[in-house]
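Heads up: the structure comes next, in structure tokens.
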Amino acid sequence: MDEVIQVTHWLSSITPRKKAKLFFFTTHADAPSPMVGSNDVDTHEETQLPLATTVALHNFKNIDEFLKKKVNTFSCYSVIENEITKTDYEYLRFYSACKYLDVVPPFLDLEKISAIQNKFEMTDEERDYRLLLDSADLVLEKVCDSLKPAGVSQMWTALRKDRNLIRGVKTIDIIGFFVGPNPTGIKECLFFFIVRFLQKADKINRVNTNRLERLIAQCDESSSCEEGKTIDFIIDSLRFYPTELYPFGFCLIMCVIEGRDGAMQEIEKTMEISRHLGMITHTEKNPTKETIELVKKELMKPKYQFYSSFTCWFMSHGDSNSMVLADGETIEREWFLTSFPDISTFQLKPKVFFMVSCRGANKFSLKGDEFEGQSATCDYYDIGSAPIRNRMLDITDSVRDISYVQPMMDTLVAYSTILDHLSGRANTHGSIYVDRACVLMSENISRGRSLTEILEHLSQDLHEILQETMDEDRIVYKQACHYDSFFRKTLKLPYTRHPKEDVHSAPQ
């Protein structure tokens, strides 16, 4: 069959709603730049003009033309060995979006996708199409699905009132002031236009969504929300780190085995829970400084920008400032913690570090015969009330910026013990902290718990356990863990995900 006829037939089989979503996922806002094969030409019109004209004219002609152009580009594209191009990213994004929406063109060359994945050095696990979907876009899709056409129209009216934001933007004028997005798919086009416009204007990104939340908050709940949804529910969905679908993220496990009883048990437990959470996992036994540098270099590879989160378990001996490596050398804990969050592939994504080591020799000792032989009403102020609110600072958009981010932002560091104190371990099972952390995370999958809720429960649970030193004094003591958080959103544990289903993108 002629290729033009094939493409036309494929487009005619896609519903307007799915066309709008396919366009949205394909024009991903955070594509890496600069890339080989790209230039500095502003893609504003390419990503927004088709949406604007579709809303204004109530037809999908321009979006159809855009999708045809993409298909033709991929059809003519020759995969260049060893050199990752902008088209490589676009091809993978396009395929994953088609797969997600169940509209994969029957004529799409899957061998090219496999060749591109080879260039990214993707493992078998990483060839799952769900890894290639942007989790932030999936959250925005759900927000759109929760709104009625009237709700998106109200968001548009609220946006048009911000003259400083829309001044000089031609695509805004194409749509007009009042919009009735009733034909199927027009609601999606208008919502996705608003999102991409705010992203291009540096008003929102995958972490900073306040500006979008404020537009939604101005909607009338009775006419704007789909059945069973509320304005609060929709806004709350934007206040979690986007970690939709599989995998939940990438997990790095570093464990010093030498001189640490039960270390292999620690590795087994952390590997089991990370996989249970839906993470793709890499383990480094007996790490050295050279190992750490090699791992950092590895994490800078382009494929890691597809992951939605990063978790690291580091288990070793240590003192107040440093950790002992397998070869007896030490590294500063602060150096380790500040070097990983700065890796560009995980910027604006949650990064969690579990630091499992002693931080000194002090113990919270328990004295008394009962411990021997045991081990193993105030004023309320409503911040929303008018008198309080009127005394608050008026923070305008002109003094807000989301472009520059401190490297440690979106990072959480969980310590197995407090400064200058021991971190207890069992002879055969290794770190008690690791054991309890894995148990609690496993128990709370599918319960909608956030990571910080689990860590708070862990703090309570661990501090109830009586431990005993292994020296001749046999001192009974308690251990206290804690965490430092630079999170700007809430990180929820995922529902159980099984990567075993046959979802590979191309024949291996």
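The values are calculated or read from the model by the stated rules, or taken from the named source; none is laboratory data. Being a predicted model, the structure only gives us computed values, none of them experimental. So basically every Cβ, Gly included, is an ideal-geometry build from the backbone, and we count neighbours across all protein chains shown. Remember, those area values only see protein heavy atoms, side chains included, never the ligands or the DNA or RNA. Shrake-Rupley method; radii C 1.70, N 1.55, O 1.52, S 1.80 Å.
Observations on the model:
- Binned Cα-Cα distance frequencies in the stretch 205-249 - 10 Å width, integer %: 25, 46, 25, 4
- Ligands, DNA and RNA excluded, the heavy atoms of Arg160 present near 30 Å² of accessible surface to a 1.4 Å solvent probe.
- When the helices of the chain are scored as -39500 (n - 2.57) per DSSP H run of n ≥ 4 and the total is divided over every residue, the value at 222 nm lands at -12000 deg cm²/dmol.
- Sites Phe177 and Glu464, calculated FRET efficiency, Cβ-Cβ separation with R0 45 Å, nearest 0.05: 0.15
- The calculated Kirkwood hydrodynamic radius for the stretch 165-234 is 13.6 Å, given to one decimal from all distinct C-alpha pairs.
- Computed from the Cα positions only, the extents of the stretch 47-193 along the three principal axes stand at 49, 31, 28 Å, in decreasing order.
- Mean accessible surface per residue for the chain, computed with a 1.4 Å probe while every protein chain stays in place, in Å²: 48 Å²
- Over 22 Å between alpha carbons, listed pairs Lys297/Lys351; Lys18/Lys148; Lys18/Lys303; Lys61/Lys161: Lys18/Lys303; Lys61/Lys161
- Residues in the stretch 261-267 carry Karplus couplings, in order, of 4, x, 4, 5, 5, 4, 4 Hz; the curve used is 6.51 cos²θ - 1.76 cosθ + 1.60 with θ = phi - 60°, and Gly or Pro positions show x.
- Extended-chain gain in nm, criterion 0.36 nm per residue less alpha-carbon gap, Ser339 and Asp202: 46.7 nm
- Dipole magnitude for the chain: computed about the Cα centre from +1 point charges on Lys and Arg Cβ and -1 point charges on Asp and Glu Cβ, it is near 1960 debye.
- The Rg/Rh ratio for the stretch 291-349, using Cα coordinates for both the radius of gyration and the Kirkwood hydrodynamic radius, is 1.01.
- At an R0 of 56 angstrom, the distance between the Cβ atoms of Ile5 and Leu294 translates into a FRET efficiency of 0.65.
- Once backbone amide H atoms are built at 1.01 Å from N, Asn362 has His421, Leu422 as its partners under 5 Å, excluding neighbours fewer than 5 places away on the same chain.
- Counted charge near Thr452, where neighbours are those whose Cβ lies closer than 12 Å (Asp, Glu -1; Lys, Arg +1): 0
- Span from the the stretch 421-444 Cα centroid across to the the stretch 115-178 one, whole angstrom: 41 Å
- Relative to the Cα centre, the charge distribution of the stretch 123-190, modelled as +1 at Lys and Arg Cβ and -1 at Asp and Glu Cβ, gives a dipole magnitude of about 740 debye.
- log10 of Debye I(q)/I(0), alpha-carbon scatterers only, for the stretch 237-329 at 0.25 Å⁻¹: -1.27
- Asn321 versus Met264: modelled label distance in nm, points set 7 Å from Cα along the beta carbon direction: 3.6 nm
- In the stretch 107-197, the GluC sites (Glu not before Pro) that fall in loop regions by DSSP, at most 13 other Cβ within 10 Å: Glu121
- Cβ-Cβ FRET estimate between Asp124 and Ala361, R0 fixed at 56 Å, reported to 0.05: 0.80
- Take the Cα radius of gyration of the chain and divide it by 2.2 N^0.38 Å, N being the number of residues; the result is 1.11.
- Here the accessible area of the chain is 49 percent carbon and sulfur, with a 1.4 angstrom probe and all protein chains present.
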